[in-house]
Amino acid sequence: MTRTTVRIAMNGVTGRMGYRQHLLRSVLALREQGGLELDDGTAIWPEPVLVGRREHALRAIAERHGLEHWTTDLDGVLADPATDVYFDAQLTSAREAAVRKAIAAGKHVYCEKPAAGDLGGALELARLARDAGVKHGVVQDKIFLPGLRKLKRLVDGGFFGEILSVRGEFGYWVFEGDWQPAQRPSWNYRAQDGGGIVMDMFPHWEYVLHELFGPVRSVQAEVVTHVPRRWDERGKPYEATADDAAYGIFRLDGGAVAQINSSWAVRVHRDELVEFQVDGTEGSAVAGLRGCRAQHRSATPKPVWNPDLPATESFREQWQEVPDNEEFDNGFKAQWELFLRHVVLDEPWSWDLLAGARGVQLAELGLRSAAEGRRLDVPELSL
């Protein structure tokens with residue numbers, strides 16, 4: 001099989017997300033299957049170059065997976081004409097400067113969200129990439145999850161009729177770090193390091209709502225730091241200066257209302273860590289990471305409110321499971337495949353740096369809405 005090699009400088013693979021989802025379950029998974037096979041029988045072969053600041057960690061990952069190329073010299077790998085793509089999964093605070101360097105070096109860029117720490121920086125990256133003529137993308141993995149793909153199938157098929165509302169619940173209890181290690185790095189809870197659940201999750205909600213239901217036209221949010229004291233990776237206490245919960249109301253194009261709660265201070269009493277309920281005139285559905293259940297208008301029961309008697313109905317059993325009807329791959333890998341096809345074959349691609357800037361915009365407006373105590377319009381972005 002003929003291979004087209006794409007050399008990818010992968011910065012941030014020593015972190016949890018960069019390693020597990022992007023290196024292990026995406027790029028290395030593609031190599032394990034022999035590359036990304038194309039219609040003409042050839043294959044795109046991703047060749048990772050591990051980049052980071054910790055030499056020992058990079059060497060350990062490279063040895064574990066039999067990889068030849070790793071470096072702590074970002075400038076050097078960007079100057080190498082053999083490097084085709086720069087990928088960034090670093091801390092948010094370090095991302096913008098590195099992506100700028102990659103664009104200036106003429107590399108195609110693909111990065112985690114948010115692309116920058118503020119809207120001005122995110123838009124500038126999009127302009128720079130456009131002017132440099134490089135291909136660019138931002139990770140928007142949630143829309144590739146099985147549950148949301150099934151939900152989109154229902155939307156596209158007109159199952160809901162007129163969509164009235166969307167309700168989302170996301171989150172779990174992140175341990176404070178004193179008596180059990182926290183599941184998330186401590187920088188997530190320090191505003192000075194780019195932490196906060198709004199900047200982390202509102203960019204996700206922007207593209208999920210945009211892709212499935214339409215653009216967000218206004219936002220109103222309440223933002224809270226529920227747990228003010230936490231312990232870092234070395235067991236030292238620190239003040240949590242970033243928000244750990246956000247309660248947002250989003251008005252969508254066409255009039256539907258979305259309400260999404262995001263919290264790292266909530267204990268899970270639902271089937272999955274994130275769930276969306278969509279209600280429409282003709283039917284409703286509840287989708288999580290993998291599953292999706294639906295209830296059509298014709299099969300909707302007639303509950304009667306009577307607090308004096310115990311409920312005799314099992315409401316969950318009145319919903320129908322939406323079938324898979326296809327094989328679902330890892331969501332990060334699915335988007336990597338599309339980006340590599342975009343780079344090599346110039347196939348259509350919509351999840352670019354401008355789309356990523358919309359997520360940063362919504363996060364900024366959400367924080368401003370909470371600070372000012374009012375609803376804010378979400379202007380259309382352009383370059």
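Observations on the structure shown:
- The set of residues in region 37-54 that are of a type in the set (D, E, K, R) and either at pLDDT 95 or above or in contact with a strand residue (DSSP E or B) (Cβ under 6 Å, 6 or more places away or on another chain) (or both) comprises GLU37, GLU47.
- Filter result (among the charged types (D, E, K, R) and at pLDDT 95 or above) within region 291-312: ARG293, ARG297
- Residue within region 113-120 that is more than 26 Å from ARG184 (Cα to Cα), surrounded by fewer than 23 Cβ atoms within 10 Å (Cβ to Cβ) and over 17 Å from the mean Cα position of the chain (by Cα) present: yes
- Selection within region 195-252 - touching a residue at least 40 places away in the same chain (Cβ under 8 Å), farther than 23 Å from GLY280 by Cα and of a type in the set (Lys, Arg): ARG229, ARG230
- Among the residues of region 357-383, just one is in contact with a Phe, Trp or Tyr (Cβ under 6 Å, 6 or more places away or on another chain) and either more than 24 Å from VAL99 (Cα to Cα) or free of Cβ contacts under 8 Å to residues at least 24 places away in the same chain (or both), namely GLY366.
- With a requirement of 1 or more residues that are in the same structural domain as PHE276 (by TED's automatic domain parsing), over 21 Å from ARG341 (Cβ atoms) and at pLDDT 95 or above, the strands (runs of 3 or more DSSP E) lying completely within region 106-179 that satisfy it span 163-171.
- Counting the residues of region 223-280 that are within 26 Å of PRO146 (Cβ to Cβ), assigned to a loop (DSSP other than H, G, I, E, B) and under 21 Å from the mean Cα position of the chain (by Cα) gives 7.
- Looking at LEU30, LEU67, just one residue is assigned to a loop (DSSP other than H, G, I, E, B), in the same structural domain as VAL343 (by TED's automatic domain parsing) and crowded, with 17+ Cβ neighbours inside 10 Å, and that residue is LEU67.
- Scanning region 79-136 for residues that are more than 19 Å from PRO348 (Cα to Cα) and acidic (Asp, Glu) yields ASP80, ASP88, GLU96, GLU112, ASP118, GLU124.
- Take the conditions (1) of a type outside the set (Val, Ile, Thr); (2) touching a Gly at 6+ places or on another chain (Cβ under 7 Å); (3) surrounded by 20 or more Cβ atoms within 10 Å (Cβ to Cβ); GLN295 misses just one of them, which is (3).
- The residue of region 353-375 that is farthest from GLY137 (Cα to Cα), among those that are charged (D, E, K, R) and crowded, with 20+ Cβ neighbours inside 10 Å, is GLU364.
- When VAL360, VAL343 are screened for being assigned to a helix (DSSP H, G or I), touching a helix residue (DSSP H, G or I) at 6+ places or on another chain (Cβ under 8 Å) and among the β-branched types (Val, Ile, Thr), only VAL360 passes.
- Unmet criterion (only one of (1) on the phi > 0 side of the Ramachandran plot; (2) touching a helix residue (DSSP H, G or I) at 6+ places or on another chain (Cβ under 9 Å)) for GLY133: (2)
The values are calculated or read from the model by the stated rules, or taken from the named source; none is laboratory data. Quantities reported herein were computed from a predicted structural model and do not represent experimental measurements. A quick note on method: Cβ atoms are made from the backbone with ideal geometry, for glycine too, and the neighbour counts reach across all protein chains shown.
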